[in-house]
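Novice: Starting off with a structure, shown below.
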Amino acid sequence: MRSGMSKGFMYLMLILGSILMLLPFIWMVSTSLKPSDEVMTMPPVWIPSEFRWDNYMTAFQKAPFARYLFNSIVVTVLSTIGELLTTILAAYAFSKLAFWGRDIVFSVLMATMMIPGEVLLIPNFVTLSNLGWIDRFEALIVPWTASIFSIFLLRQFFMSIPDELGYAARIDGCSNWNFLWRIMVPLAKPAIVTIVLLKIIGSWNAFLWPLVVTNSEEMRTLPVGLTAFTTEAGTNYELLMAASAMIILPMIILFIILQKYIIQGVARAGIKG
C-alpha cells in the first residue's frame with residue numbers, strides 16, 4: 001500500500017513538473033497567435049480571441065531571416081563537425097592510449113570547466129580581433145570546435161569498452177586509427193549522438209557570443225536576429241514570440257527524434273570511470 005502511494009506521489013510530482021516546464025512554451029505559442037492588443041492584458045489571455053496566423057509571416061518578413069537561417073545552419077553544422085572530430089580523437093587518446101602525463105593533462109582540462117565562460121569573453125574577443133576574424137564565420141565557428149565536457153562524456157563511454165577488444169584488434173593487424181573509426185566509434189554511437197545533439201542545440205541557440213563578434217546584419221544568427229523586434233518604441237511581443245517559435249521548433253523535433261540516444265549515452269558514460 002505504501003509503495004503504491006509513493007509511486008502515485010512520484011507520478012504526481014512528475015506531472016506537475018512537466019506542466020511547469022511546458023508553461024513557457026504554451027505561453028510562447030499562445031502569444032505568437034494573439035492580436036497585439038491582447039499580448040499584455042491582465043489577467044493574461046491564454047486562448048486568443050482571434051488566431052492571427054499571419055503573425056508568423058509578418059515576423060519572417062520583418063527581418064532578413066533567410067540570411068539569419070543560412071548563418072545559423074553554417075555555424076551549427078561546421079562547429080558540430082569540428083567539435084565531433086576533436087572530441088573523438090581526444091577522448092580516444094585519454095581513454096585508450098598510454099602516454100606520460102595523460103591523467104595530469106586530463107585533470108587540468110577538467111579543471112578548466114570551473115572557469116565561467118564570461119571570464120574568457122574578453123580574452124577570446126581580443127585574440128580574434130588580432131587575427132582579423134571579427135564579423136566573420138571564423139569567429140563564430142573556430143572557438144567552439146572543442147568542448148571539455150564532450151571529451152569527458154565520450155572518454156567515459158570509451159572506458160566502458162573492454163581493453164581486451166583493442167588487444168584482439170591489434171593481434172589481427174588493426175592500427176589505432178582503424179580501431180578507433182571501425183570499432184570504437186560505432187560502439188559509442190549513443191554517446192556520439194548525445195554530444196552531437198547537445199552541440200547542435202547549444203550552437204543553434206547561442207546568443208551572447210554571436211552578438212559580441214558580429215557587427216553587420218549579414219553575419220547575424222537567428223537568436224541575435226530576434227533583436228529586430230525590439231525598438232525604441234517598444235517590443236512587438238507577438239512577432240517576437242512567433243519568430244522564437246519558428247527558431248525553437250526544429251530543435252524540439254530533433255530532440256524528440258533522438259532523445260533515446262541521450263538516455264543511453266548518459267547512462268553508459270558512468271559505467272566505468
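The values are calculated or read from the model by the stated rules, or taken from the named source; none is laboratory data. None of these values were measured; they are calculated from a predicted model. Note that each Cβ is placed from the backbone with ideal geometry, even for glycine, and that neighbours are counted across all protein chains shown. Only protein heavy atoms, including side chains, enter the accessible area calculation; ligands, DNA and RNA are left aside. Shrake-Rupley method; radii C 1.70, N 1.55, O 1.52, S 1.80 Å.
Novice: Got a sec to turn the phi values of the range 76-92 into Karplus ³J(HN,Hα) couplings, 6.51 cos²θ - 1.76 cosθ + 1.60 with θ = phi - 60°, whole Hz, x for Gly and Pro?
Specialist: 5, 5, 5, 5, 5, 4, x, 5, 5, 5, 5, 5, 4, 5, 5, 5, 5
Novice: Assuming R0 = 45 Å, can you tell me the calculated FRET efficiency for the pair M40 and T127, based on Cβ-Cβ distance, to the nearest 0.05? Let's see the in-between values first.
Specialist: Numbers: r = 43 Å, r/R0 = 0.96.
Between M40 and T127 the formula returns 0.55.
Novice: Over the range 72-114, one equal point on each Cα, no solvent: what is log10 I(q)/I(0) by the Debye formula at q = 0.22 Å⁻¹?
Specialist: Evaluating at q = 0.22 Å⁻¹ gives log10 I(q)/I(0) of -0.79.
Novice: Once the Cα atoms of helix 102-111 and of the chain are each reduced to a long axis, what angle between those two axes, in degrees from 0 to 90 to the nearest 10, is obtained?
Specialist: 20 degrees
Novice: I want to verify a result. In a Gaussian network model of the chain, Cα cutoff 10 Å, which of these has the top mean-square fluctuation: V193, V105, V39?
Specialist: Taking springs between Cα atoms under 10 Å, the residue moving most is V105.
Novice: Between S79, S175, S244, which gets the highest mean-square fluctuation from a Gaussian network model of the chain, Cα cutoff 10 Å?
Specialist: S175
Novice: Cα-based Rg of the range 1-82 per 2.2 N^0.38 Å, rounded to two decimals? Walk me through the numbers before you get to the answer.
Specialist: Values: Rg = 20.3 Å, N = 82, 2.2 N^0.38 = 11.7 Å.
That works out to 1.73 for the range 1-82.
Novice: Continuing with this model, one more query. Could you check the spin-label model distance between I253 and L211? Points 7 Å from the Cα along Cα→Cβ, value in nm.
Specialist: 2.8 nm
Novice: Let me ask you something else. Using only the alpha-carbon atoms, what does the range 1-140 span along each of its principal axes? Please give whole angstrom values in decreasing order.
Specialist: 67, 61, 26
Novice: Can you list the residues of the range 148-167 with backbone N under 20 Å from a point 7 Å past the Cα of C174, pointing along Cα to Cβ?
Specialist: 154-167, by backbone N distance to the label point.
Novice: Using a Debye calculation, one point per C-alpha and no hydration shell, please list log10 I(q)/I(0) for the range 158-255 at q = 0.22 Å⁻¹ in order.
Specialist: -1.12
Novice: Which one of F207, F65, F51 has the biggest mean-square fluctuation once the chain is modelled by GNM with Cα springs under 10 Å?
Specialist: Answer for the Gaussian network model of the chain: F51.
Novice: Rounding to the nearest 10 and keeping the result within 0 to 90°, find how far the Cα-based axis of helix 148-159 lies from the longest principal axis of the chain.
Specialist: Tilt relative to the chain: about 40 degrees.
Novice: Provide the per-residue ³J(HN,Hα) series for the range 246-253, in order, calculated from phi with Karplus coefficients 6.51, -1.76, 1.60 and θ = phi - 60°, each as a whole number of Hz, with x at glycine and proline positions.
Specialist: 3J(HN,Hα) across the range 246-253, in whole Hz: 5, 6, 6, 3, x, 5, 5, 4.
Novice: Could you tally the net charge around L258, taking each other residue with its Cβ under 13 Å from the Cβ of L258, Lys/Arg +1 and Asp/Glu -1? It would help to have the intermediate numbers written out before the result.
Specialist: Values: positive: K189, K199, K260; negative: none.
Charge balance in the 13 Å sphere: +3.
Novice: Remind me, what semi-axes does the range 91-235 give for its equivalent ellipsoid, largest first in whole Å, using sqrt of 5 times each Cα gyration tensor eigenvalue? Working shown, then result.
Specialist: Working: eigenvalues 305, 60, 38 Å².
Three semi-axes, in Å: 39, 17, 14.
Novice: Right, here's the next one. Taking a quarter of the surface of the convex hull around the Cα atoms of the chain, what do you get in nm²?
Specialist: Working: hull surface 85.1 nm².
Result: 21.3 nm².
Novice: Could you state the angle between the C-alpha long axis of helix 189-205 and the longest principal axis of the C-alpha atoms of the chain, as a value from 0 to 90 degrees rounded to the nearest 10?
Specialist: 40 degrees
Novice: Under 15 Å from the Cβ of T214, count the other residues' Cβ atoms, weight Lys and Arg +1, Asp and Glu -1, and hand me the total.
Specialist: Once positives and negatives cancel, what remains is -1.
Novice: Continuing with the same structure: Using the heavy atoms of the protein chains alone and a 1.4 angstrom probe, what is the accessible area of the range 36-76 per residue in square angstrom? Don't skip to the answer; put the middle values down first.
Specialist: Numbers: 2740 Å² over 41 residues.
On a per-residue basis, 67 Å².
Novice: Still on this structure, I have one more. Ignoring ligands, DNA and RNA, what percent of the accessible area of the chain is carbon or sulfur (1.4 Å)? All intermediate terms of the calculation are to be shown ahead of the outcome.
Specialist: Details: 11440 of 16130 Å².
Within the chain, the accessible surface is 71 percent carbon and sulfur.
Novice: If Y237, Y167, Y68 are ordered by their accessible area, calculated over protein heavy atoms with a 1.4 Å probe, which sequence runs from highest to lowest? Can you show the working numbers first?
Specialist: Values: Y237 95, Y167 130, Y68 0 Å².
From most accessible down to least: Y167, Y237, Y68.
Novice: Shifting gears a bit: Between the range 83-102 and the range 132-179, what is the separation of their alpha carbon centroids in Å?
Specialist: Between the Cα centre of the range 83-102 and that of the range 132-179, the gap is 6 Å.
Novice: How would T221, T41 line up by accessible area, probe 1.4 Å, largest first?
Specialist: Values: T221 10, T41 45 Å².
Putting T221, T41 in descending order of accessible area: T41, T221.
Novice: What is the calculated FRET efficiency for I104 to M246, with r their C-beta to C-beta distance and R₀ = 41 Å, to the nearest 0.05?
Specialist: Working: r = 47 Å, r/R0 = 1.15.
Calculated transfer efficiency: 0.30.
Novice: Continuing with this model, one more query. Please enumerate, by chain and number, the lysines with C-alpha under 17 Å from the C-alpha of K260, excluding those fewer than 8 residues away in the same chain.
Specialist: K189, K199
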